[in-house]
Amino acid sequence: MGFLGKIFTWWDGATIGTLWYSLKNGEQVGTDFAGNRYFRTRHLKDGARERRWVIYNGPNDASRVPAEWHGWLHGSYDELPESHLPPPRIWEAEFTPNATGTPAAYRPAGALERGGQRARATGDYEAWTPDA
């Protein structure tokens, strides 16, 4: 999409306005494993609340924000997330992106994308017929 895409679209990364605002008024405080960049306001006026925001590396999808950064964005704690990370557990799985709307999305049996055929109902199901 190029330059025009950056002006008019917000769903695939930041617009030019957001990037300009972030460079002018924000201070980058960190990045996560997915390349998302996290910012906070550079200069606070008296009594003003600190603003925090993220610029996604790729499509804007809130499920791509790790839990530790989510807590920081919402003001659960003031320190940067590195100080709140628990030690990694052996059973933890690697992050997988949300696959909804992509070819990798889950398609149950009977879904139109899988041919639309599902197994016939068996067991105690009996179709209702009205009494005439």
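Only residues that are of a type outside the set (D, E, K, R), loosely packed, with under 12 Cβ neighbours inside 10 Å and over 16 Å from Glu82 (Cα atoms) were counted in segment 24-60, giving 5.
Is it fair to say Asn57 is out of contact with any strand residue (DSSP E or B) (no Cβ under 6 Å at 6 or more places or on another chain) and under 30 Å from Thr100 (Cβ atoms)? Judged against the criteria, Asn57 is a match.
Could you tell me whether segment 82-100 includes any residue that is among the small types (Gly, Ala, Ser), at pLDDT 80 or above and closer than 30 Å to Ala121 by Cβ? Yes: segment 82-100 contains one or more residues that are among the small types (Gly, Ala, Ser), at pLDDT 80 or above and closer than 30 Å to Ala121 by Cβ. Got at least one residue in segment 85-100 being surrounded by 10 or more Cβ atoms within 10 Å (Cβ to Cβ), among the aromatic types (Phe, Trp, Tyr) and without any contact (Cβ under 8 Å) to a residue 60 or more places away in the chain? No - not one qualifying residue is present in segment 85-100.
The values are calculated or read from the model by the stated rules, or taken from the named source; none is laboratory data. Given the structure is predicted, the values throughout are model-derived calculations rather than measurements. Cβ atoms come from the backbone with ideal geometry, glycine included; neighbour counts cover every protein chain shown.
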